[in-house]
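A short write-up of the structure that comes next.
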Amino acid sequence: MSDKPARGSLIGDGLAQIGALGLFLLQVLAAVPRSLRYFAETVRQVFFVGAMSLVIIMTCGLFIGLVLGLQLYDVLSRFGSTASVGTVVAIALYRELGPVVTALLFAGRAGTSITAEIGLMRATDQLAAMEMMAVDPLAYVVAPRFLAGIIAMPLLASIFNALAILGSHAVAVSWLGLDNGTFWSNMTGAVDVWTDVMNGVWKSAVFGGVVTLVATFQGYSTAPTSEGVAYATTRTVVYSSILTLAIDFLMTAFLM
Amino acid sequence: MSEVSPASTDALVRIRGLHTRLGAKVIFDGVDLDIPRGRVTAVMGPSGTGKTTLLRHITGQLVPDAGEIVVDGQNLARLDRDGLFELRERIGYLFQNSALLTDFSVFENVAFPLRQHARLPEELIRNIVLPKLQAVGLRGAADLMPAELSGGMARRVALARAIVRDPMLLIYDEPFVGLDPIALNQVLKLIRVLNQTLGLTSIVVAHELSAVRRVADHIYLLAAGKIAAHGAPDELVRGDTDWTRQFFGGEADGPVPFHYPARDYAADLGFAQVKA
C-alpha cells in the first residue's frame, strides 16, 4: 500500500475545499444573528479591516487614476474623443476596476491579517478556550470579521474610486489641458447612479464577504503550526483573488 | 479493569463503556471511570494515551464512537449546543498553554467570561475579578498584557479566569508542565486550596507523579485504551502490575516499549539483501 496521494486527488481536494467553504458559509450565516450581541466587536473589526486599509487603498487608487488618465487621454486623442476621458474613467472604475482592485488589495492587506490572527488563535488554543467558556468563536470571532468585510469593502471601493477619479482629473485637466467643465459634465451626464455606481457597490459588498469568508475559513481550519499558518495565509490571497475574479465575471453577466 | 471507584454513587462525572478511535488508532477501548464530587482526581498515563482526549469527551468537545458520559446527571449525548454551552458555563478549564486572549489585559482576560454571559455593572465585575486575581496572587498584575507574563504567572491568570464564575468542576490539563519549582508549588497549593475553599471537584491530567501525589485523592492510570489501575496515590504507587511498575517506577522498557514499532532491523540496514 502506498502513502502517495491517489491520482486525481488534486481535483478531489479542490472540490472538498469548496464544499467545506460552503458549509463554513452556512455556519457563519447561522452565527450572524448571535454575533449581533457582540456589535462592538464588529465595529472594532470595521476599524481594523477598513480604516487600517485606507492608506494602501488611497495610494493605489490615486496611482491607478493617474495611469488611467494618461493612457485614456493618449488613446482617445487618436479618435478626437479626449472629452470622454472622465466618462470612461468613471464607468471603468465604478463597474469593474474599483471593486475588483480594491478586493485584491483588501485580500492582501486585511485578508492575510485575519487569517494569521485567527490561525494563531487556533494554534494557541484561544478558540478552544472560548468554546470552553461557552462563547461561540463563530459568533464572537468569525461573524464580526465577515460582517466588517461586507460593510468596509463598499466604503473602501468608493474611496478608491474617488481618489482614482481625482488622479485622472489631475493628469487630464491639470497636466494635459482638458477642459475642467467637459471632464465633469460628460462624466456626470453618462454615469448612472443605479446601473453604474450601485453595480459597483453590490459587487464590492459581495467581494468583501468573499475575502473575509476565505480568510476566516483558512484561519479557522489551519493546522496549528507556524508552517500551517504560513500556508493558510498564502491560500487566503490565492483563493480569495481567484474567487473574486470568478464571481466578478458571474455578477457582471447577471447585472449587465 | 472494569470496576470503578468506590465513590461512584456520588460521581460528578460518570463514564461507561467509552470507545474512541482517532483515524486508525484506538484511543479508548471500553473505559469506565467515575470522578467523585468534592475530590481531586488525577488521570495519568504514558504520552499519547488519550488523557487530553478524555477531557475533550468530558467537556463535549469530542463525541465518542460509543459509550455514555454523564456530567452532573446530564448525558452529554442528549444535550444540544445550547445545553452543552450551559453545562460548560459551570466548568472551568485550564489549558496546558494557558490560552489567554492575547489582545486583552490580565484583568480583561479574567473578566471575559463574565462580560460574555451577563450585562453586569463595571463595579460588580471589578468586585468579582479582583478577589479572583488576589486568590492567585496576581491582583498587582491586573493591567499587564499576557506577553508580559512568565509561564507560571500566565497559568495562574488562566486559573483565575477558570474560577471566575465559581464552577462546579475544574479541569487542569497538564498544569505543571514547564514550571520552575516555585511556580510548581504555587500551582499545587492553589489546586488544593481552591478545591477545599470553593467546594470544587477537580480533574488533573499530569505526568509528574511527585506533584500529583501531593494534590490527588484518587488516581486513574490510563494505558492501552483502558484503565490499567486506579486507587489512592500511595496504594497505586505500590501496585505490582506491569503498568504501575513501569509508569510509577519510570522504567524505560515495559508494556510501553522503548522502540517504536519498526520492521526488521537487519532488513532495514540491508544485511538481508547482502546475504541474498
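Quick look at the numbers
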quantity	calculated
Rg(Cα)/(2.2 N^0.38 Å) for chain B, N = residue count	1.13
FRET E, pair A:Met251, A:Val55, Förster distance 30 Å, beta-carbon r, rounded to 0.05	0.60
Convex hull (Cα only) mean projected area of the range A:178-256, reported in nm² to one decimal	7.5 nm²
Counting DSSP beta bridges with both ends in chain B, the antiparallel % (nearest 5)	55 percent
Shielding score for B:78-86, defined as the mean number of other chain Cβ atoms within 10 Å	1
Highest to lowest packing among A:195-201, B:18-24, B:42-48, B:264-270, scored as the average C-beta count within 10 Å	B:42-48, A:195-201, B:18-24, B:264-270
Estimated Rh, the range B:113-187: Kirkwood, alpha-carbon pairs, angstrom	13.3 Å
All-pairs Cα distance distribution in the range A:38-255, expressed in whole percent, bin size 5 Å	1, 8, 14, 16, 16, 13, 10, 7, 5, 4, 3, 1, 1, 0
Cα-derived Rg over Rh, computed across the protein assembly as shown with Rh taken as Kirkwood radius	1.11
As computed over the range B:1-155, the Cα convex hull volume per residue (Å³)	157 Å³
Degrees between helix B:151-163 axis and first principal axis of chain B (Cα, 0 to 90, nearest 10)	70 degrees
Low-density loop positions, trypsin sites (Lys or Arg not before Pro), the range B:110-184 - DSSP coil, at most 13 other Cβ in 10 Å	B:Arg119
Burial ranking of peptide ranges A:149-155, B:74-80 (average Cβ count within 10 Å, highest at the top)	A:149-155, B:74-80
Helix-only CD estimate at 222 nm, as mean residue ellipticity for the protein assembly as shown, using -39500 (n - 2.57) per DSSP H run (n ≥ 4)	-17000 deg cm²/dmol
Karplus (6.51, -1.76, 1.60) ³J(HN,Hα), θ = phi - 60°, over the range B:126-138, in Hz, Gly and Pro reported as x	4, 6, 8, 6, 4, x, 5, 5, 4, 4, 9, x, 10
Mean Cβ count within 10 Å, highest first, over the residues of peptides B:94-107, A:51-64	B:94-107, A:51-64
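Each reported figure results from applying straightforward, stated rules to the coordinates on display, with no laboratory input. These numbers were taken from a predicted model, which means no experiment stands behind them. With ideal geometry, Cβ positions are generated from the backbone for all residues, glycine too; neighbour counts draw on all protein chains shown.
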